[in-house]
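Right, one structure below, let's go through it.
The values are calculated or read from the model by the stated rules, or taken from the named source; none is laboratory data. Keep in mind it's a predicted model, so treat the numbers as computed, not measured. Neighbour counts run over all protein chains shown; Cβ positions are idealised from the backbone, glycine included. We work out accessible area using only protein heavy atoms, side chains counted, and drop any ligands, DNA or RNA first. Shrake-Rupley method; radii C 1.70, N 1.55, O 1.52, S 1.80 Å.
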Amino acid sequence: GLDIPGYERDAHNDYLQIWSETGIVGLLLFAVLVLSCLWKALRAQALRRNAMMRGMGFACTMAVIALAMHSTVDFSLQMPANSLLILLVLALGCLANHLPSAGGRRKRRSRKESAEEPPSAPAPVDRPEPGIV
């Protein structure tokens, strides 16, 4: 390595580092990857009914926001373990939007089938007994 005072090999900003190594095309590809996974994680939070999938989307969203903020002042993506971790987080954000729920998909009934069945009675509500907290 060079022993020149004040010389730094890496930029202390991941965005500048990616831009200097790969150019504007590489930086844009990185941004598209991160933003598309972030979008899928946000969609999972908004549209999924399964709490686990919404939670995965929320966790991915928070991790991407933390990475985006931290990458402006540090070069944590230069460490392979951190890069693999963020790739795993991005993959989980995408999966939260696309994985089927734990119960699987229900068979969709036709309108005719659902019209023939009488409506079911509402389920009883569990209420605590008086005096029990």
Item to complete: Quote the accessible area belonging to His70 in square angstrom, nearest 10, computed with a 1.4 Å probe and with ligands, DNA and RNA left uncounted.
Response: 80
Worksheet, complete the sentence: Around Glu8 (Cβ within 15 Å, Cβ-to-Cβ, excluding Glu8; K/R +1, D/E -1) the net charge comes to -4
Worksheet item: Which residues does a label at Gln78 reach in the range 1-30, if reach means a backbone N under 18 Å from a point 7 Å past the Cα toward the Cβ?
Response: 1-23, 27
Discussion item. From Cα pairs below 8 angstrom and at least 6 apart in sequence, can you work out the relative contact order of the range 1-84, rounded to a whole percent?
Written reply: 37
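Please label the shape of the range 1-101 as rounded, prolate or oblate, based on the square roots a ≥ b ≥ c of the eigenvalues of the alpha-carbon gyration tensor (a/c under 1.5 means rounded; beyond that, a/b larger than b/c means prolate, else oblate).
On the way: a/c = 3.25, a/b = 2.55, b/c = 1.27.
Cα axes put the range 1-101 in the prolate bin.
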Worksheet item: Which residues does a label at Glu8 reach in the range 59-80, if reach means a backbone N under 15 Å from a point 7 Å past the Cα toward the Cβ?
Response: 70-79
Item to complete: Tell me the label-point distance for the pair Ala59, Leu99, using the 7 Å Cα-to-Cβ offset, in nm and rounded to one decimal.
Response: 0.8
Discussion item. For Val32, what accessible surface area do you get with a 1.4 Å probe? Give it in Å², rounded to 10.
Written reply: 90
Worksheet item: How much solvent-accessible surface does Leu29 expose, in Å² to the nearest 10, with a 1.4 Å probe and all protein chains in place?
Response: 120
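Counting only other residues whose beta carbon sits under 15 Å from that of Leu85, what net charge do I get with K and R as +1, D and E as -1? Working shown, then result.
On the way: positive: none; negative: Asp14, Asp74.
Around Leu85, the charge tally is -2.
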